[in-house]
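The values are calculated or read from the model by the stated rules, or taken from the named source; none is laboratory data. Please read these numbers as outputs of a predicted model, since none were measured by experiment. Note that each Cβ is placed from the backbone with ideal geometry, even for glycine, and that neighbours are counted across all protein chains shown. The accessibility values were calculated without ligands, DNA or RNA, using every heavy atom of the protein model including side chains. Shrake-Rupley method; radii C 1.70, N 1.55, O 1.52, S 1.80 Å.
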Amino acid sequence: MKKTESEKIKLENSYTQLPEVFYTLQDPTPVTSPEFVIFNAVLAQELGLDAKLIQSEEGAAILAGNQVPDHATPLAQAYAGHQFGHFTMLGDGRAILLGEHITPDDNRRDIQLKGAGRTPYSRGGDGRAALGPMLREYIISEAMHALGVPTTRSLAVVSTGEPTYRETELPGAILTRVAASHLRVGTFQYARKWGTQEDLRALADYAIKRHYPEVWNQENRYVSFLRELIKKQAVLIAKWQLVGFIHGVMNTDNMTISGETIDYGPCAFMDVYSPETVFSSIDVQGRYAYQNQPYIAGWNLARFAEAILPLLDKDQDRAIEIANKEVTSFLDLYNQNWLAGMRGKLGIFNEETEDEKLVEQLLEIMEKEKADYTNTFRGLTFPDRQKDEVFQTDEFANWKEKWEARLQRQDESMEDIHYLMRESNPAVIPRNHKVEEALEAAVAGDNSVMNRLLDVLKNPYAHTNAQEEYGRPPATPDPAYRTYCGT
Ligand code: AMP
Ligand code: MG
């Protein structure tokens, strides 16, 4: 492996200070001919990286794993996880943490190469990724960020010049993922199952220092850590529900400690509002359906609490009591966040006890009328857009009366209300048919469709004419739409 003296990316690696059970040093496996497919110059700038320098041939070599930046110590992380309810040993099977980059505002960001070759955790996998799914993660994660949903980011996708073999032969690629960290609920499950209590404590201390430094000096920092994680996840899952995002594989290894969305495999955004919507081809029982996401998040957090039980109290019964108390607060916290977001979507500033009912009545009408989730709220925001059938029903007319009366029971002007609604209701989401269209063209070598889509997705709350085409639901909705992961 060629080491470079390049100043292009200067990396630290605090992860190697953790006990060795948590990782394996592992260089990426070089590829034949790396070439940028897409590069996120705006993100590079935000991170304090020199976009021009990185976009060079040498930059491509680094982001393909053909060159390791000087002083970097690439590694693969160990973790476990409950996948569809079943506990398994996992780990980075195809991702390699190049290192951590410190941004100009002093934030530590993981720079990870996804699809960078086999690791000791690869099991039967080839360690590689196909171009389509990596571009998909790029598009959706950047769209999520623009929508205001905490997420890992995508810095680049580099094609490898090598085929990957799935059901068919597909072009290979590597995604550069940027994350607050890659610590997962599953990392703690791994520590509890295969580490010592000191290992578990070291991991918890590391996570606290990195993500929850404010709890370090508290009486029981681990209880506070659990509480703060629960709060962060309540915020995150509420945001997912509010934009109609379905993750698809909410396994415990896909839930971060930082509160960022991670792992865009079989995820998608809902067009028609239907709480049972499932997109993952492998989720035959609907475990990770839209309406189940808050419950699954609660279940995952219970697994987290279980994992750190020995840190919560020396007395196990007391520890369980503490864990139960914290974990049961999740659904309430989630609901508060969700309701606050829904109030925003409806232009409501103050709180009334009947608000939740008002929201639920609207959702019931939307479900019955098979209304488009995003465009219904957009229609409420811009009344001249109320062309869809849902707006023509008597039920909607009745509901609208109640809503308008509700808007009167606050001091804010119609102008303030409209402003809040514009800020709360996106004009565009990455609709499946648009994402698929962009990916199909990009995999065939034409990036223009994807670039236009990405451009529009950058400003979902802009409400401009340029968004028109992208705000339209598919001509014929496809209820059987499925996405595939592990590709
Ligand atoms: P994911 O479905 O992406 O969350 O991955 C679940 C587990 O499978 C993780 O341990 C991944 O690293 C691993 N994995 C997925 N695809 C591959 C692959 N092509 N080669 C090796 N490991 C993989
Ligand atoms: Mg994963």
Residue count, region 79-113, condition of a type in the set (Ser, Thr, Tyr) and within 11 Å of ligand 2 (Cβ to nearest atom), comes to 1
Report task. Kindly establish whether Leu420 is open to solvent by less than 20 Å² (accessible area, probe 1.4 Å) and either outside the structural domain of Val37 (by TED's automatic domain parsing) or touching a residue at least 12 places away in the same chain (Cβ under 8 Å) (or both). Result -> no
ask   = Quick one: would you say Asn220 is more than 16 Å from ligand 1 (Cβ to nearest atom), polar (S, T, N, Q) and more than 22 Å from Ala371 (Cβ to Cβ)?
value = yes
The lone condition Ala466 fails out of (1) at pLDDT 95 or above; (2) part of a helix (DSSP H, G or I) is (1)
- Query: Any residue in region 361-379 that is touching a residue at least 40 places away in the same chain (Cβ under 8 Å), β-branched (Val, Ile, Thr) and over 27 Å from Val428 (Cβ atoms)?
  - Reply: no
Look at Ala444 and say whether it is farther than 30 Å from Leu358 by Cβ and hydrophobic (A, V, I, L, M, F, W, C).
yes
- prompt: Is one or more of the residues making up region 41-60 closer than 19 Å to Val185 by Cα and either part of a loop (DSSP other than H, G, I, E, B) or touching a Cys at 6+ places or on another chain (Cβ under 8 Å) (or both)?
  reply: no
Over region 33-90, the set of residues free of Cβ contacts under 8 Å to residues at least 40 places away in the same chain and either within 16 Å of ligand 1 (Cβ to nearest atom) or within 30 Å of Leu301 (Cα to Cα) (or both) is His86, Thr88
Those residues of region 259-296 which are away from ligand 1 (no atom under 16 Å from the Cβ) and of a type in the set (Gly, Ala, Ser) amount to Gly259, Ser274, Gly286, Ala289
Filter region 74-93 for residues that are touching a helix residue (DSSP H, G or I) at 6+ places or on another chain (Cβ under 6 Å) and part of a loop (DSSP other than H, G, I, E, B); the one that is nearest to Leu25 (Cα to Cα) is Ala78
If we take region 219-322, then helices (runs of 4 or more DSSP H) inside it with 3 or more residues that are more than 16 Å from ligand 2 (Cβ to nearest atom), open to solvent by less than 10 Å² (accessible area, probe 1.4 Å) and not β-branched (Val, Ile, Thr) are 221-243, 293-307
In region 15-30, anything over 16 Å from Pro69 (Cα atoms) and not acidic (Asp, Glu) is listed as Tyr15, Thr16, Gln17, Leu18, Pro19, Val21, Phe22, Tyr23, Thr24
Pairing a residue in region 384-402 that is free of Cβ contacts under 8 Å to residues at least 60 places away in the same chain and open to solvent by less than 30 Å² (accessible area, probe 1.4 Å) with any residue that is in a loop (DSSP other than H, G, I, E, B) and of a type in the set (Asp, Glu), where Cβ atoms lie under 7 Å and the two sit 6 or more apart in sequence or on different chains, gives Val390/Glu369; Thr393/Glu369
Picked from region 31-72 (must be β-branched (Val, Ile, Thr) and farther than 30 Å from Met250 by Cα), the residue surrounded by the fewest Cβ atoms within 10 Å (Cβ to Cβ) is Thr32
Scanning region 123-159 residue by residue, those assigned to a loop (DSSP other than H, G, I, E, B) and open to solvent by 10 Å² or more (accessible area, probe 1.4 Å) turn out to be Arg123, Gly124, Gly125, Asp126, Arg128, Gly148, Pro150
Can you confirm whether region 183-195 contains a residue that is in contact with a strand residue (DSSP E or B) (Cβ under 6 Å, 6 or more places away or on another chain), in contact (Cβ under 8 Å) with a residue 24 or more places away in the chain, among the aliphatic types (A, V, I, L, M) and crowded, with 24+ Cβ neighbours inside 10 Å? yes
